[in-house]
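None of the figures in this text is laboratory data; all of them are computed from the coordinates on show. Source: prediction; values computed, not measured. Using ideal geometry, Cβ is built from the backbone for each residue, glycine included, and neighbour counts are taken over all protein chains shown.
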Amino acid sequence: MTDVTDNTTIAAPPVERRNSGLRIALYAALGILLVALPLFSGDFYINLASQILIAAIFALSLNLLVGYGGLSSLGHASFLGLSAYFAAWFFTRGGLDHTSAALVALLGTTIVAGFFGLIALRASGLGFLMITLALSQVLWGVAFRWASVTNGDNGLSGMTRPMPFGIDLNGPAAFYWFSLVIFGISFVLMAIFTESAFGSALRGTRDQPRRMAALGFDVWLIRWITFVYAGFWGAVAGLLYVYYHKYIHPTSLSITASAEGLLSVIAGGSGTLGGPVVGSILVVMLKNYASAYVERWNMLLGIVFLVIVIFMPEGLVPGTKRLWKRFTGGAK
Amino acid sequence: MTTSATPALEIINLHKNFGGLPATQNVSIKVQPGERRLIIGPNGAGKTTLFNQITGDFLPTSGTIKLFGQDVTKLKPHKRAHLGLSRTYQIITLFNRDTLAHNITLGLLGLQKARWNMLRPLATYGDMRTEAIRVLGLVNLEHLADRPVTDISYGEKRRVEIAMAMAQRPKVLLLDEPLAGLSAGERANIKELVASIPRETTVVMIEHDMDTALDLAETVTLLHYGKVIVDGERDAVIADEKTREVYLGH
Ligand SMILES: Nc1ncnc2c1ncn2[C@@H]1O[C@H](COP(=O)(O)OP(=O)(O)OP(=O)(O)O)[C@@H](O)[C@H]1O
Ligand SMILES: [Mg+2]
């Protein structure tokens, strides 16, 4: 019984299988397509793609909590909105240059996320959801009421786009490429986070928090760090958001904004890296197309969401994989 | 059993009420390093509740819990794990979506600094995987290392429960009904496994199956309605009048 297996059987197989040639080719093709997109698309589609990238960073960051941590938040727009307000206020009124305003926005928002985490993580499950919602409602209320600073319902305008390395980002294509670079960095860093030892521990706290504590993991601290990290990436999305629109309004802090992110995560597939991206494509496209024809585009979004939840409760990305496997696996 | 050494586990005047209902009443127990202690008692006697207080899942209403002389009564569960405390659950509590190797690896990771590493993928810690496979070998499950928990039988899950705790090389191991729901063959298997646990590990085991468990025990504590009824050397507890009363009266 104490006889140990020989070392040859010990190499971990799943990692190798993931990097099959076909996959790499697919990803390369997708990458080229993404980079080349402005060369064959009109401005409308380029701008749409930029909005999708921003929404995708936001959804990916929320997914760290929802999908990997099992902590459903209805207040994640706090961090997008706060960061956007910070950047806009410090740039247009606070007299800071773009770099300093961006740093203040990222740092300030991350610190606020630290405080919000302290409050929200007193609970998990529904309690956590309600506290995140309440906290974001407070921010939303402040943005509306504290008009001397936030300009209230008129929003803060006058924001401009930065010129990194002297590159003018005012054209749709230039801004798209800028967003694509930021998206790429965000995606890779969040992917590394989820795959890491810490990420494995995080998923453990989602599935069996009590067992994880008994095994020696500080469940609370793991969740708090994740909350802060998710807040930081929410702030990155907020920065791009305010650069794109050159304007920020309290609705960006609203429950609707948070819910859209949550819908993207769940519709695309929570706890996967592709899911939130696919979900964001769906939500942003629906928003842009449907709002032109249907007045209550939210209703349409609701219906689409219901259909997905009924037929693919695990979300579009895992659901499609499951169907694909059934078709290809059933054939042999 | 040496009484001079610091006990591995010492419980002093422990009380626990669930909204007025006492689940632990004035419990005092000393377990010496290396001892094999069996905790018996009818359903609802408060055995699991006692474990939950030792691990810190529940805070006692009053009383003291010491691990190797250190007062841990108010310590968080994860800190107690780092003092060498491990447990298994009466109701199987595994990471169902993950492979057996991943389950055991989490047990290893919990006590290592690497658990805070946010860059390196868990899959690349070859030494942890090697150790996880070795531990799965102890419970004869290495051939299922890369299968998800959902694929294996109930008896195999019971073995993973124990393996995950043993992977931590605990100083004090709490086993909550490790034989529950197992076939005779599987029981013999687990019995052999528990018997093979090294003496550096103090074992406290809750078990209903006396035929199997008594062979493993040196000392026995009988709980009834949250109270210690009899406590001492195995044979003395079995022979005790009060033990018969509890079990015949049930
Ligand atoms: N979380 C809880 N909240 C309220 N009451 C509880 C809780 N956990 C246990 N109890 C009660 O405490 C008493 C002791 O339960 P416990 O699970 O410790 O018994 P046990 O000796 O482990 O029984 P079994 O042999 O059935 O596992 C029972 O009356 C139970 O209903
Ligand atoms: Mg029990």
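Once the Cα gyration tensor of the stretch A:42-254 is found, what semi-axes does its equivalent ellipsoid get, as square roots of 5 times the eigenvalues, in whole Å, sorted largest first?
31, 21, 14
Only helices reaching 15 angstrom along their own axis (Cα) with mean Kyte-Doolittle hydropathy no lower than 1.0 count here, and not one DSSP H run of chain B does. Dipole orientation for chain A: of the candidates A:Ser270, A:Ile303, A:Ser280, A:Ile303 has the Cα lying most toward the positive pole (charges on Cβ; Lys, Arg +1; Asp, Glu -1). Exceedance of the 32 Å cut-off in Cα-Cα distance is limited, within the set A:Lys246/A:Lys321; B:Lys66/B:Lys191; B:Lys79/B:Lys157; A:Lys325/B:Lys157; B:Lys76/B:Lys227; B:Lys30/B:Lys191, to A:Lys246/A:Lys321. For the stretch A:48-148, chymotrypsin sites (Phe, Trp or Tyr not before Pro) are listed when DSSP marks them as loop and at most 13 other Cβ atoms sit within 10 Å of their Cβ; the list is A:Trp146. Overall shape of the protein assembly as shown was characterised from the C-alpha gyration tensor. The equivalent ellipsoid obtained from it has semi-axes of 53, 28, 20 Å, in decreasing order. Each of B:Gly34, A:Leu74, A:Ser291 was placed along the dipole of the protein assembly as shown (beta-carbon charges, centred on the mean Cα), and the one lying farthest toward the positive end is A:Ser291. Find, to one decimal place in angstroms, the Kirkwood hydrodynamic radius of the stretch B:198-250, where the mean of 1/r is taken over every pair of different Cα atoms and then inverted. This gives a value of 11.9 Å. Of the two radii for the stretch B:1-149, the radius of gyration is 1.03 times the Kirkwood radius, both from the alpha carbons; that is the Rg over Rh value. Counting Cβ atoms of other protein chains within 10 Å of each Cβ in B:102-115 and taking the mean gives 5. Rounded to the nearest 10 degrees, the inclination of helix A:219-245 to the longest alpha-carbon principal axis of chain A is 40 degrees.
So which trypsin sites (Lys or Arg not before Pro) in the stretch A:89-181 pass both tests, a DSSP loop state and at most 15 other Cβ atoms within 10 Å of the Cβ?
Working: sites: A:Arg93, A:Arg122, A:Arg145; in loops: A:Arg93, A:Arg122.
Passing sites in the stretch A:89-181 are A:Arg93, A:Arg122.
How large is the charge dipole for the stretch B:78-192, taken about the Cα centre, if only the Cβ atoms of Lys, Arg (+1) and Asp, Glu (-1) carry charge, to the nearest 20 debye?
Details: 17 positive and 12 negative charges, 105 e Å.
Roughly 500 debye, rounded to the nearest 20.
Between A:Met285 and A:Arg122, the simple spin-label model (points 7 angstrom out along Cα→Cβ) gives 4.4 nm. One chain, two ends: B:Ala195 and B:Thr124. Fully extended at 0.36 nm per residue, the span grows by 22.2 nm beyond their Cα-Cα distance. Residue separation of A:Ile255 and A:Ala28 scaled by 0.36 nm, minus their Cα-Cα distance, works out to 78.0 nm of gained length. Contact order normalised by length for the stretch A:42-254, with contacts defined as Cα pairs under 8 Å and 6 or more residues apart; what percent is it? Dividing the mean separation by the residue count of the stretch A:42-254 yields 43 percent. In a fully extended conformation the segment linking A:Leu306 and A:Leu107 would gain 67.9 nm over its present Cα-Cα distance, using 0.36 nm per residue. Since only B:Ser183, B:Val203, A:Thr110 are under comparison, the one whose Cα sits farthest along the positive direction of the charge dipole of the protein assembly as shown, derived from C-beta charges on Lys, Arg, Asp and Glu, is A:Thr110. Structural descriptor for chain B: relative contact order 27 percent, calculated from alpha carbon pairs under 8 angstrom and at least 6 residues apart.
Quick check: from the Cα gyration tensor, does the stretch B:39-106 come out rounded (a/c under 1.5), prolate or oblate? If you can, show how the numbers build up before the last one.
Numbers: a/c = 2.57, a/b = 1.36, b/c = 1.88.
Since a/c reaches 1.5 but b/c is at least a/b, the shape of the stretch B:39-106 is classed as oblate.
Placing a pseudo-label 7 Å from each Cα along the Cα-to-Cβ vector at B:Gln112 and A:Ser157 gives an inter-label distance of 5.8 nm. Note on B:Lys242: aspartates and glutamates with a C-alpha under 14 Å away, same-chain residues under 8 apart excluded, are B:Asp231. Here each label is just a point 7 Å from Cα along the line to Cβ, and for A:Leu221 and A:Trp297 those points are 4.5 nm apart. Spatially, the stretch B:181-216 and the stretch B:30-102 are offset by 17 Å when compared through their Cα centroids.
Loop-located GluC sites (Glu not before Pro) in the stretch B:124-191 (DSSP state not H, G, I, E or B) with no more than 12 neighbouring Cβ atoms inside 10 Å do not occur. P(r) for chain B, from all Cα pairs and a bin width of 10 Å, is 7, 30, 35, 21, 6, 1, 0 %, short bins first. Give me the angle, in degrees from 0 to 90, between the Cα long axis of helix A:316-331 and the longest principal axis of the Cα atoms of chain A, rounded to the nearest 10. The helix A:316-331 is inclined about 30 degrees to chain A.
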